[in-house]
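The values are calculated or read from the model by the stated rules, or taken from the named source; none is laboratory data. What you see is a predicted model; the values in this text were computed from it and never measured. Don't worry about glycine lacking a Cβ; one is built from the backbone with ideal geometry, like all the others, and counts go over all protein chains shown.
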(Lines give C-alpha, C1' and ligand atoms only; values in the text may rest on other atoms or scores of the structure.)
Protein backbone atom coordinates (compact mmCIF):
# COMPACT_ATOMS: atom_id res chain seq x y z
CA UNK A 1 0.00 0.00 0.00
CA UNK A 2 1.35 3.43 -0.98
CA UNK A 3 2.19 5.76 1.91
CA UNK A 4 1.99 9.52 1.28
CA UNK A 5 3.06 12.32 3.59
CA UNK A 6 0.83 15.30 2.79
CA UNK A 7 2.14 18.73 3.83
CA UNK A 8 -0.66 21.27 3.35
CA UNK A 9 -1.63 24.19 5.58
CA UNK A 10 -5.15 24.72 4.19
CA UNK A 11 -7.44 22.71 6.49
CA UNK A 12 -10.13 22.12 3.87
CA UNK A 13 -7.71 20.98 1.18
CA UNK A 14 -5.72 18.81 3.59
CA UNK A 15 -8.77 17.04 5.00
CA UNK A 16 -10.51 16.58 1.64
CA UNK A 17 -7.38 15.27 -0.07
CA UNK A 18 -6.61 12.94 2.84
CA UNK A 19 -10.11 11.45 2.69
CA UNK A 20 -10.02 11.06 -1.09
CA UNK A 21 -6.58 9.44 -1.13
CA UNK A 22 -7.53 7.11 1.73
CA UNK A 23 -10.62 6.07 -0.21
CA UNK A 24 -8.29 5.04 -3.07
CA UNK A 25 -6.28 2.75 -0.80
CA UNK A 26 -3.49 5.15 0.15
CA UNK A 27 -2.14 5.45 3.70
CA UNK A 28 -1.90 9.18 4.44
CA UNK A 29 -0.11 11.15 7.13
CA UNK A 30 -1.16 14.81 6.92
CA UNK A 31 0.48 17.81 8.59
CA UNK A 32 0.00 21.57 8.29
CA UNK A 33 3.51 22.82 9.08
CA UNK A 34 6.92 22.29 7.54
CA UNK A 35 8.52 21.62 10.91
CA UNK A 36 6.00 18.85 11.59
CA UNK A 37 6.74 17.32 8.18
CA UNK A 38 10.37 16.71 9.05
CA UNK A 39 9.45 14.78 12.19
CA UNK A 40 6.85 12.68 10.39
CA UNK A 41 9.30 11.95 7.58
CA UNK A 42 11.38 9.64 9.77
CA UNK A 43 8.47 8.27 11.83
CA UNK A 44 6.08 7.54 8.95
CA UNK A 45 8.64 6.54 6.28
CA UNK A 46 6.46 7.60 3.32
CA UNK A 47 6.83 6.37 -0.24
CA UNK A 48 6.32 9.95 -1.43
CA UNK A 49 5.77 13.46 -0.09
CA UNK A 50 3.22 15.95 -1.45
CA UNK A 51 4.60 19.34 -0.39
CA UNK A 52 2.64 22.60 -0.55
CA UNK A 53 4.86 25.66 -1.02
CA UNK A 54 2.75 28.13 0.98
CA UNK A 55 3.35 26.98 4.57
CA UNK A 56 2.85 29.16 7.68
CA UNK A 57 6.18 28.47 9.39
CA UNK A 58 8.73 27.69 6.67
CA UNK A 59 9.14 28.33 2.97
CA UNK A 60 8.32 25.23 0.95
CA UNK A 61 11.69 25.47 -0.78
CA UNK A 62 13.41 25.37 2.61
CA UNK A 63 11.37 22.32 3.64
CA UNK A 64 12.39 20.63 0.38
CA UNK A 65 16.06 21.30 1.14
CA UNK A 66 15.65 19.86 4.65
CA UNK A 67 13.88 16.77 3.29
CA UNK A 68 16.70 16.26 0.79
CA UNK A 69 19.27 16.47 3.58
CA UNK A 70 17.49 13.58 5.33
CA UNK A 71 16.05 11.40 2.59
CA UNK A 72 15.85 10.63 -1.13
CA UNK A 73 12.06 10.12 -0.87
CA UNK A 74 10.22 11.35 -4.00
CA UNK A 75 8.69 14.82 -3.54
CA UNK A 76 5.71 16.18 -5.50
CA UNK A 77 5.48 19.97 -5.20
CA UNK A 78 1.97 21.44 -4.99
CA UNK A 79 1.90 25.08 -6.03
CA UNK A 80 -0.59 27.79 -6.90
CA UNK A 81 2.11 29.56 -8.93
CA UNK A 82 2.63 28.20 -12.43
CA UNK A 83 6.00 29.95 -12.74
CA UNK A 84 8.46 28.23 -15.10
CA UNK A 85 11.61 29.67 -13.53
CA UNK A 86 10.49 28.83 -10.00
CA UNK A 87 9.47 25.31 -10.97
CA UNK A 88 12.82 24.66 -12.68
CA UNK A 89 14.69 25.85 -9.58
CA UNK A 90 12.66 23.49 -7.37
CA UNK A 91 13.18 20.54 -9.71
CA UNK A 92 16.90 21.26 -9.79
CA UNK A 93 16.86 21.51 -5.99
CA UNK A 94 15.53 17.97 -5.66
CA UNK A 95 11.78 17.94 -6.34
CA UNK A 96 10.63 15.09 -8.58
CA UNK A 97 7.53 16.64 -10.11
CA UNK A 98 5.00 19.40 -9.53
CA UNK A 99 1.26 19.92 -9.74
CA UNK A 100 -0.62 23.22 -9.98
CA UNK A 101 -3.65 23.98 -7.82
CA UNK A 102 -6.52 23.28 -8.03
CA UNK A 103 -6.04 19.53 -8.46
CA UNK A 104 -7.90 16.33 -7.67
CA UNK A 105 -6.85 13.36 -5.56
CA UNK A 106 -6.77 11.29 -8.74
CA UNK A 107 -4.26 13.67 -10.31
CA UNK A 108 -2.06 13.61 -7.22
CA UNK A 109 -2.12 9.82 -7.07
CA UNK A 110 -1.33 9.49 -10.79
CA UNK A 111 1.67 11.82 -10.41
CA UNK A 112 2.90 9.91 -7.35
CA UNK A 113 2.60 6.58 -9.16
CA UNK A 114 4.58 7.98 -12.10
CA UNK A 115 7.29 9.23 -9.74
CA UNK A 116 7.51 5.84 -8.02
CA UNK A 117 7.82 4.10 -11.39
CA UNK A 118 10.70 6.40 -12.33
CA UNK A 119 12.35 5.63 -8.99
CA UNK A 120 12.15 1.92 -9.73
CA UNK A 121 9.53 0.96 -7.15
CA UNK A 122 7.77 -2.34 -7.75
CA UNK A 123 7.83 -4.35 -10.96
CA UNK A 124 9.65 -1.70 -12.98
CA UNK A 125 12.79 -1.73 -10.84
CA UNK A 126 15.92 -0.66 -12.65
CA UNK A 127 18.95 -2.92 -13.22
CA UNK A 128 21.67 -3.11 -10.59
CA UNK A 129 24.17 -1.16 -12.68
CA UNK A 130 24.87 0.16 -16.16
CA UNK A 131 28.39 -0.12 -17.59
CA UNK A 132 29.58 1.91 -20.58
CA UNK A 133 33.34 1.57 -21.03
CA UNK A 134 34.85 2.70 -17.69
CA UNK A 135 31.66 4.50 -16.64
CA UNK A 136 29.56 2.60 -14.09
CA UNK A 137 26.12 3.84 -12.99
CA UNK A 138 24.22 2.33 -10.07
CA UNK A 139 20.54 3.38 -10.42
CA UNK A 140 19.47 1.98 -7.07
CA UNK A 141 22.30 3.49 -5.04
CA UNK A 142 22.40 6.61 -7.25
CA UNK A 143 26.18 6.33 -7.50
CA UNK A 144 28.51 6.86 -10.47
CA UNK A 145 32.11 5.73 -10.90
CA UNK A 146 34.46 6.68 -13.72
CA UNK A 147 37.67 4.70 -14.07
CA UNK A 148 37.03 3.26 -10.62
CA UNK A 149 36.76 6.72 -9.01
CA UNK A 150 33.45 8.02 -7.59
CA UNK A 151 31.84 11.07 -9.18
CA UNK A 152 29.87 13.58 -7.14
CA UNK A 153 26.79 14.57 -9.15
CA UNK A 154 23.81 16.71 -8.30
CA UNK A 155 20.39 15.07 -8.34
CA UNK A 156 19.55 16.35 -11.83
CA UNK A 157 23.00 15.60 -13.20
CA UNK A 158 22.55 11.99 -12.10
CA UNK A 159 19.00 11.84 -13.53
CA UNK A 160 20.24 13.24 -16.86
CA UNK A 161 23.18 10.83 -17.06
CA UNK A 162 21.03 7.83 -16.15
CA UNK A 163 18.36 8.76 -18.70
CA UNK A 164 20.93 8.98 -21.50
CA UNK A 165 22.78 5.85 -20.34
CA UNK A 166 19.54 3.88 -20.54
CA UNK A 167 19.40 4.87 -24.23
CA UNK A 168 23.01 4.37 -25.40
CA UNK A 169 23.70 5.74 -28.87
CA UNK A 170 20.20 7.22 -29.14
CA UNK A 171 19.90 10.94 -29.85
CA UNK A 172 17.46 12.44 -27.35
CA UNK A 173 15.92 15.84 -28.10
CA UNK A 174 16.05 18.67 -25.58
CA UNK A 175 12.25 18.73 -25.49
CA UNK A 176 12.22 15.06 -24.46
CA UNK A 177 14.85 15.69 -21.81
CA UNK A 178 12.87 18.60 -20.40
CA UNK A 179 9.72 16.49 -20.31
CA UNK A 180 11.21 13.26 -18.95
CA UNK A 181 14.05 14.47 -16.71
CA UNK A 182 12.75 17.86 -15.59
CA UNK A 183 9.02 17.03 -16.00
CA UNK A 184 8.49 20.26 -17.93
CA UNK A 185 6.04 19.60 -20.79
CA UNK A 186 6.86 22.75 -22.74
CA UNK A 187 9.62 24.14 -24.93
CA UNK A 188 11.77 27.18 -24.33
CA UNK A 189 13.99 25.64 -21.66
CA UNK A 190 16.89 24.60 -23.89
CA UNK A 191 19.33 26.55 -21.74
CA UNK A 192 18.49 24.36 -18.74
CA UNK A 193 19.55 21.25 -20.69
CA UNK A 194 22.65 22.93 -22.13
CA UNK A 195 23.88 24.05 -18.71
CA UNK A 196 23.42 20.62 -17.12
CA UNK A 197 25.08 18.86 -20.05
CA UNK A 198 28.02 21.26 -19.70
CA UNK A 199 28.31 20.59 -15.96
CA UNK A 200 28.07 16.83 -16.55
CA UNK A 201 30.74 16.95 -19.25
CA UNK A 202 33.10 18.73 -16.88
CA UNK A 203 32.67 16.01 -14.26
CA UNK A 204 33.17 13.30 -16.89
CA UNK A 205 36.48 14.94 -17.83
CA UNK A 206 35.48 16.00 -21.33
CA UNK A 207 34.35 19.07 -23.25
CA UNK A 208 32.02 19.97 -26.10
CA UNK A 209 35.06 20.37 -28.37
CA UNK A 210 36.49 17.00 -27.30
CA UNK A 211 33.53 14.81 -26.26
CA UNK A 212 34.03 11.30 -24.99
CA UNK A 213 30.66 10.08 -23.70
CA UNK A 214 28.30 12.99 -24.40
CA UNK A 215 27.89 14.02 -28.02
CA UNK A 216 25.64 16.91 -29.06
CA UNK A 217 23.95 16.78 -32.46
CA UNK A 218 23.30 20.36 -33.55
CA UNK A 219 19.62 21.12 -33.89
CA UNK A 220 18.62 17.61 -32.76
CA UNK A 221 19.74 16.75 -29.24
CA UNK A 222 22.36 14.83 -27.28
CA UNK A 223 23.41 11.19 -26.99
CA UNK A 224 25.65 9.09 -24.76
CA UNK A 225 27.99 6.74 -26.60
CA UNK A 226 30.59 4.11 -25.74
CA UNK A 227 33.91 5.86 -26.47
CA UNK A 228 35.57 2.55 -27.23
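Yes/no per residue for (1) touching a helix residue (DSSP H, G or I) at 6+ places or on another chain (Cβ under 8 Å); (2) in contact (Cβ under 8 Å) with a residue 40 or more places away in the chain; (3) over 21 Å from residue 16 (Cβ atoms):
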site	(1), (2), (3)
38	yes, no, yes
43	no, no, yes
56	no, yes, no
62	yes, no, yes
66	yes, no, yes
74	yes, yes, yes
77	yes, no, no
109	yes, yes, no
115	no, yes, yes
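For every residue, the table says whether it meets (1) part of a loop (DSSP other than H, G, I, E, B); (2) closer than 22 Å to residue 182 by Cβ; (3) in the same structural domain as residue 34 (by TED's automatic domain parsing); (4) in contact with a strand residue (DSSP E or B) (Cβ under 6 Å, 6 or more places away or on another chain).
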| position | (1), (2), (3), (4) |
| --- | --- |
| 62 | no, yes, yes, no |
| 68 | no, yes, yes, no |
| 87 | no, yes, yes, yes |
| 90 | no, yes, yes, yes |
| 98 | no, yes, yes, yes |
| 103 | yes, yes, yes, no |
| 137 | no, yes, no, yes |
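Look at region 195-211 and say how many of its residues are out of contact with any helix residue (DSSP H, G or I) (no Cβ under 8 Å at 6 or more places or on another chain), surrounded by 15 or more Cβ atoms within 10 Å (Cβ to Cβ) and in a loop (DSSP other than H, G, I, E, B).
2
Of all the residues that make up region 159-180, how many are out of contact with any helix residue (DSSP H, G or I) (no Cβ under 9 Å at 6 or more places or on another chain) and under 20 Å from residue 212 (Cβ atoms)?
7
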